[in-house]
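Note sheet for the following structure.
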Amino acid sequence: MLSVYEGFFSGGARIVHSDIVLGLREGGQHQRVLSLYGEVHREATRQRMEDDTCYRALTGAGVGVTSLGRTFTGTGVSADFTGPELAETARAMAEADVLLSLKEQPLALLNQAGLPRRPVVVCLHRSDPENQGPALDELKAAIADGTVAACVCCAESTRAAYEAAGVPAELLHVIPNGVDLVRFRPDAARRVALRTELGIDLDAPVVVFAARYDGMKNVPLLLAAARAWLERVPEGRVLMCGAGMTAANPGLAADVTAAFGARRDLAERGLRLLGVRRDMEHLYAAADVVALTSAWGEAAPLCLIEGMMCGAIPVTTDVGDSAAIVAGLGTVTPPDPQAIALAWSEAVASREALAPALLAARERFSRTRMIASYAALLDGIHVGSVTRPTLPEPL
């Protein structure tokens, strides 16, 4: 099995897919990864492949990871591949029975003429195909060419959006995201350790916002809600983590200034910008609320699932499958700062009462269930029991 990534950079899709690769390897499948980019400059952050948590987890488990060595600077995947790049890709593909494409973007490479013919499974992790630029056209071209054996959607909203965009319904399979329930669990020791590290009182209400700095995440809305909440709850703390969530990001600094205005004291006291963290299970265990304020694009947000499994109450806008994910476990709000701030306070107050429901929901979000579903689909494609288009012979 060969997985093709656009690049290694902070984001839920890469975390989920890398965990799938690891799970399939644990089940006996041979796994390799090819990345188009070896370095990515985005979200005001330079992200080297070798520094990435997913890369380290994969290579640490013995998964071979190689890169075409490109540097991404925000211009999208170029289809102008060199001879050596195509030769490297062909060598990697030749050893695989099935290819996994992490989202549509790598299809710009896999659609190149002259590469070995292999069935491709495209893993889709968003609900806005129209915002993916030429990647949607590459997906449709690969489908028309007969190379796409299946598209795995991480959410029902993804399936509906891509079907509406013209992807044949018979190619779309929904496998919901899951997480490692051993890693993501309520843990009193982690809660104390993280709060001690950050100098936060053990009784202080804490909201975690885990997201990269991107327009779809609606950071200005989150900050406006944070100001409204901190004005009501002066002992509260809002932790922001992810690529670009640092004071060194001029865009975020401007957003904080715009949101807090003359109440800069609130931001200095109650807002913590933590950047990329490798200990999310600790942050979520230390939190009372996991917040999401996205405006578009989300499908099955990993932050909501990971946070809930650690005991944090989810408060989210109605985007993608978020409402279905948090049903009975948290709150869906309109994109209004005051409504969000009120929901955060209500979530803090209801944390103990909702703990049994969160505990009962754990199996629903199991990594084991997710990986077993992927393995069954991929095995079916390999042995031909899953109906897929017939691959034409290369010219």
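The values are calculated or read from the model by the stated rules, or taken from the named source; none is laboratory data. What you see is a predicted model; the values in this text were computed from it and never measured. All Cβ positions, glycine included, derive from the backbone under ideal geometry; neighbour counts span all protein chains shown.
Screening region 330-347 for residues that are touching a strand residue (DSSP E or B) at 6+ places or on another chain (Cβ under 7 Å) and buried (at least 20 other Cβ atoms within 10 Å of the Cβ) and picking the one that is nearest to E235 (Cα to Cα) gives W344.
Counting only residues that are surrounded by fewer than 16 Cβ atoms within 10 Å (Cβ to Cβ) and assigned to a helix (DSSP H, G or I), region 198-218 holds 2 of them. The condition of being over 24 Å from L354 (Cα atoms) and in contact (Cβ under 8 Å) with a residue 12 or more places away in the chain holds for only one of R272, R264, that being R272.
Residue by residue, here is whether (1) touching a residue at least 24 places away in the same chain (Cβ under 8 Å); (2) in contact with a Phe, Trp or Tyr (Cβ under 9 Å, 6 or more places away or on another chain) holds:
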| position | (1), (2) |
| --- | --- |
| L139 | yes, yes |
| E163 | no, no |
| N177 | yes, yes |
| F184 | yes, yes |
| D187 | yes, no |
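When the residues of region 289-341 are filtered to those that are part of a loop (DSSP other than H, G, I, E, B) and closer than 13 Å to L358 by Cα, the one that is farthest from the chain's Cα centre (by Cα) is G328. Comparison of V238, V256 shows that the only residue that is of a type outside the set (D, E), assigned to a helix (DSSP H, G or I), assigned by TED's automatic domain parsing to the domain that holds L302 and surrounded by 20 or more Cβ atoms within 10 Å (Cβ to Cβ) is V256. From the list T82, T59, T73, the one residue that fits, being touching a strand residue (DSSP E or B) at 6+ places or on another chain (Cβ under 8 Å) and either free of Cβ contacts under 8 Å to residues at least 12 places away in the same chain or in the same structural domain as G242 (by TED's automatic domain parsing) (or both), is T59. Out of curiosity, is R362 surrounded by fewer than 23 Cβ atoms within 10 Å (Cβ to Cβ), modelled with pLDDT of 95 or more and touching an Asp or Glu at 6+ places or on another chain (Cβ under 8 Å)? No. Of the strands (runs of 3 or more DSSP E) lying entirely inside region 1-77, the ones with 3 or more residues being buried (at least 19 other Cβ atoms within 10 Å of the Cβ) are found at 2-5, 32-42, 64-72. The requirement of being touching a residue at least 60 places away in the same chain (Cβ under 8 Å), farther than 18 Å from C303 by Cβ and among the aliphatic types (A, V, I, L, M) is satisfied by A341.
Residue by residue, here is whether (1) surrounded by fewer than 16 Cβ atoms within 10 Å (Cβ to Cβ); (2) more than 14 Å from E6 (Cα to Cα) holds:
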residue: E88; (1), (2): no, yes
residue: A94; (1), (2): yes, yes
residue: R118; (1), (2): no, yes
residue: L124; (1), (2): no, no
residue: D128; (1), (2): no, yes
residue: A141; (1), (2): yes, yes
residue: A150; (1), (2): no, yes
residue: E156; (1), (2): no, yes
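Checking each residue in region 289-320 for being surrounded by 24 or more Cβ atoms within 10 Å (Cβ to Cβ) and charged (D, E, K, R) picks out E298, E306.
Those residues that are under 14 Å from K103 (Cα atoms) and part of a loop (DSSP other than H, G, I, E, B), I need them from region 152-166; list them, please. Answer for region 152-166, where residues must be under 14 Å from K103 (Cα atoms) and part of a loop (DSSP other than H, G, I, E, B): C154, A155.
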